[in-house]
Amino acid sequence: MTAAPAAAPAYDRADWASAFRNVGVELDGVTLTAARGTIPPELEGTLYRNGPGRLERGGHWVHHPFDGDGMITALRFAGGQAELRNRFVRTEGWQAEEAADKFLYRGVFGTQKPGGIAANAFDLRLKNIANTHVVRLGDQLLALWEAAEPHALDPDSLETRGLSRLDGLLKKGEAFSAHPRFDPGHHGEPRMVTFGVKAGPRSTIRLMEFSSAGTLLADSKHSFKGFAFLHDFAITPNWAVFLQNAVAFNPTGFVLGQKGAAQCLSSKPGEQGQFWLIPRSSGSAAGREPLQIAAPEGFVFHHLNAFEEGDELVVDSIYYADFPSIGPDVDFRQVDFESIPEGQLVRCRINLTEGSVTSELLEGRTCEFAMVNPARQGLDAHVSWMAVAERERGNDPLQAIKKLDLRTGEGRVWSAAPRGFVSEPVMVSRPGATAEDDGWVLCLVWNGARCASDLVILDAASMAEVALLELPLAVPHGLHGSWAPAAA
């Protein structure tokens, strides 16, 4: 692993696919030492990661890794030392399937129960797999899956406390986003801003804001015409920004047991999505009606950031030319990267007065999982960090971390190629830092040579490797994670 600029494509599909496996152990407070470099003594807190840890049961594999049961990995840093712990989220479905050693539920992304169509038709139950994100809210650690309620865990032991309806705030089965945004203090104190969606021909967004202690500070509902497929959103001090992708949902295949619910989504060629702009209750736009403004063609899972500039909202998002999906007959371990669209970072300027949008490409290299310094969430950020492909053009697995100057376009790359594959980077500021890039970037890396995971700590400014920890654990390619600073 080097800090050299990106090179020609060089990866072995078998190395990438080897990460898709069942996690067979749960570790409890294993002390780690750096295989290279030194863990910064100022790095104090816990890196939490969530992702699918169970991908096969009774000889049957999930159709898509997003259907795998959630497993939390925690890396706790203190005094220049690190400690590792991992636990499966003890959901009701996980416990039942562990006892039966077979799939008892269908998966949203196409996983079927054994028995063919006859066994799957008209079974519309969804298993809350708690596998998408993990965040700290008050004294609880929340394992998130956006189609239902969160699961509450103990932040230290990772033991599952149970399904949480947040003291009665959520109804049974109510959607609660797996992609909250953290307001660093635009309205006097840090907040977690999140949402839930009730999708249909007319969709409703429930926008909620919580204090760091978990107290509900704002709660509102807003209805829009059209089917909402929303995984992420962005915030500014005054607005919550959603992008309704131009997709249609035909549930027939799901009802008849032929497809997963997500496989019933399809893009609407030639149609534009819509920006749905909801005023935040504590901002200067409070009381205004939500706005709908046509968006550029393309599909968006994730946003980098958004900020306000005069009469404009500036939104940076990762755009795909079309909805990327895996067909019913495709083995996800054999996916042809060249056949699916790559994600590219695009900046949209939304003129609130004219109701118009202009866009420009910020990063043409295949990228995903982009973030800014958490203190710049909702503000004009100078730099960002993202997972990228090793080569500069073409669609490949994510093998490098890139720091991108959003004003000049200058970039610095740390690469795990040829046998390493990166996950979502998490930027942690150095205590007392004033510069945006003063701190570290933490990232779990699948090491195809070891068939296990590494944790790399990079200098956020130079992208030089500070330390690398070889984990005694194989963590499959995962989804989202977060950093929780140590208590003062």
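No lab work stands behind these numbers, since they all come straight from the coordinates. All of these numbers come straight from a predicted model, not from anything done at the bench. Cβ sites come from the backbone with ideal geometry, for glycine too, and all protein chains shown count toward neighbours.
Taking packing as the residue-averaged number of other Cβ atoms within 10 angstrom, the listed peptides 184-192, 398-406, 375-383, 133-141 run from highest to lowest as 398-406, 133-141, 375-383, 184-192. According to the calculation over all Cα-Cα pairs in the range 56-192, the P(r) per 5 Å bin from zero is 2, 9, 17, 20, 18, 14, 10, 6, 3, 2, 1, 0 %. Arranged from fewest to most other beta-carbon atoms within 10 Å of their beta carbon, ILE129, ILE39 become ILE39, ILE129. For the chain, the Cβ-based charge dipole about the Cα centre amounts to some 1120 debye (Lys, Arg positive; Asp, Glu negative; other atoms uncharged). Comparing Cα centroids, the range 298-354 and the range 92-122 end up 31 angstrom apart.
Of the residues VAL441, VAL422, LEU404, the one whose Cα sits farthest toward the positive end of the charge dipole of the range 404-445, with +1 on the Cβ of Lys and Arg and -1 on the Cβ of Asp and Glu, is VAL422. Each pair of Cα atoms in the chain enters the Kirkwood radius, and Stokes-Einstein at 25 °C and 0.890 mPa s then converts it into a translational diffusion coefficient of 108 µm²/s.
Working note: 222 nm ellipticity from helices only, DSSP H runs with n ≥ 4, each -39,500 (n - 2.57), summed and divided by the residues of the chain, gives -1000 deg cm²/dmol to the nearest 500. The range 426-454 and the range 231-265 have Cα centres lying 31 Å from one another.
Each eigenvalue of the Cα gyration tensor of the range 1-102, multiplied by 5 and square-rooted, gives one semi-axis; in descending order these are 30, 23, 10 Å.
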